[in-house]
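What follows is a short report on a single structure.
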Amino acid sequence: MPRRTSSPFAKHEEPDFNVSALIDVAFLLLIYFIITSTLSRREADLSMAVPGISDSTGSSVQMDQMRIDVSASGTIVVNGEPLEAGPEQRNLPDLVDRLTRYAAMARIAQSEPVVIVNCSGEVTEQRFIDVLNACHIAGISNLGITQ
């Protein structure tokens, strides 16, 4: 009996690639990452104004910004004048008084009060929070923070 020399690969069928399983896995991974990710709105809650061109058409008087410098030792300097508050003093009545007067003058001038807080890198977090609390008590919400 003669032997056949036919190859099992004699049929030339084109192999096909089923991508439906791959698409299913991709969608499952996408859904998994969407569900497990946390959307934080902490950055969106901060109301920051980026410097730029203003569209205001009103004729309001622009107030100067108040600058608060906090040194590494905890001393606070407002527009070049040091405050009488010690570094361990948590409530800052002099700063609150100055900020309240500044906010009142800005509102009389129909302008928004803007405070720039300049902290050195070695300032304790508590001292920075004390300055922010004083701004909150005075009703100032437009803050710029520099280092």
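Derivation of every value follows stated rules applied to the coordinates shown; laboratory data play no part. Only a predicted model underlies this, so the values are computations on that prediction, with no experimental measurement involved. All Cβ positions, even for glycine, are placed from backbone atoms using ideal geometry, and neighbour counts span all protein chains on display.
Each residue in Asp69, Asp97, Asp16 was given a count of other beta-carbon atoms within 10 angstrom of its own, and listing them fewest first yields Asp16, Asp97, Asp69.
What ranking of Leu143, Leu132, Leu22 emerges when the number of other C-beta atoms within 10 Å of each C-beta is taken as an exposure proxy, fewest first? Provide the component values of the computation, followed by the final result.
Numbers: Leu143 19, Leu132 15, Leu22 10.
Ordered from fewest to most neighbouring Cβ atoms within 10 Å, Leu143, Leu132, Leu22 come out as Leu22, Leu132, Leu143.
Note on Gln110 and Asn79: with the Förster distance fixed at 25 Å, the Cβ-Cβ geometry gives a FRET efficiency of about 0.70.
With both partners inside the stretch 63-146, how many of the DSSP beta bridges are antiparallel, as a percent to the nearest 5?
Working: 5 of 15 bridges.
Antiparallel: roughly 35 percent of the beta bridges in the stretch 63-146.
Counted residue by residue at 0.36 nm each, then reduced by the alpha carbon distance between them, the extension gain from Glu88 to Leu28 reaches 16.1 nm.
As a proxy for reagent exposure, Glu14, Glu125 were ordered by neighbouring Cβ count within 10 angstrom, fewest first; the result is Glu14, Glu125. Cα extents for the stretch 63-146 along the principal axes, largest to smallest and rounded to whole angstrom: 36, 23, 20.
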